[in-house]
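A quick write-up on the structure given underneath.
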Amino acid sequence: MATQTSRRGFLRGVSLRDDSRAIRPPGAHPARFAELCTDCDLCVSECPENILSIDATGRPVLDPASGSCTFCGLCAEACPTGALSPDRIADWPWRAQVAPSCLSLNGVSCRSCQDACEADAIRFRLQIGGRAQPVLDTDACTGCGACASVCPAGAISLVRPKLQQREPAP
């Protein structure tokens, strides 16, 4: 089936492109989200954390810098088309990643991400010279974004580990 442009995207002059890097709400259909989503925005209005917004294609995205996801499922329950489903929430593919701009890596004492992580997926290992190396347990990480929303340097993002492995090395 050919990919079509959303109504909102068409009016804004935006075509549907590969959105594999867009952080769609929990429960998003892994292959047919763009096809199934009708841009109704019901998921955005139902999100109690107010971390969902609409991107340039007219579809919902999760912004981890805005706060953390509790995976309550209200956004998926509100979806009338199957683009989001409560049954797929457990398959959330996103995990935290720490960038070199992390304050702790640069000699500034900061543990904001560790303090915010309820899953205890982020720890720090002391290094020579007073620095501390953030150590992320991706198996424990839920991808909720709590760490990203509190990072004062904006050094934490959510990535899809499986997609990262497929990308060619620089």
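What is the magnitude of the charge dipole of the stretch 47-170 about its Cα centre, with +1 placed on the Cβ of each Lys and Arg, -1 on the Cβ of each Asp and Glu, and no other charges, expressed in debye to the nearest 20?
Details: 10 positive and 12 negative charges, 97 e Å.
With only Lys, Arg, Asp and Glu charged at Cβ, the dipole is about 460 debye.
Pick out, from Ser109, Val44, Gly73, the residue whose Cα sits farthest towards the positive end of the charge dipole of the stretch 17-170, with +1 on the Cβ of Lys and Arg and -1 on the Cβ of Asp and Glu. Of the listed residues, the answer is Ser109.
Throughout, read-outs are computed from the coordinates displayed, never taken from laboratory work. Predicted, not measured: the structure shown is a model, and the values here were computed from it. Methodologically, a virtual Cβ is constructed for each residue, glycine included, from the backbone with ideal geometry; neighbour enumeration extends over all protein chains shown.
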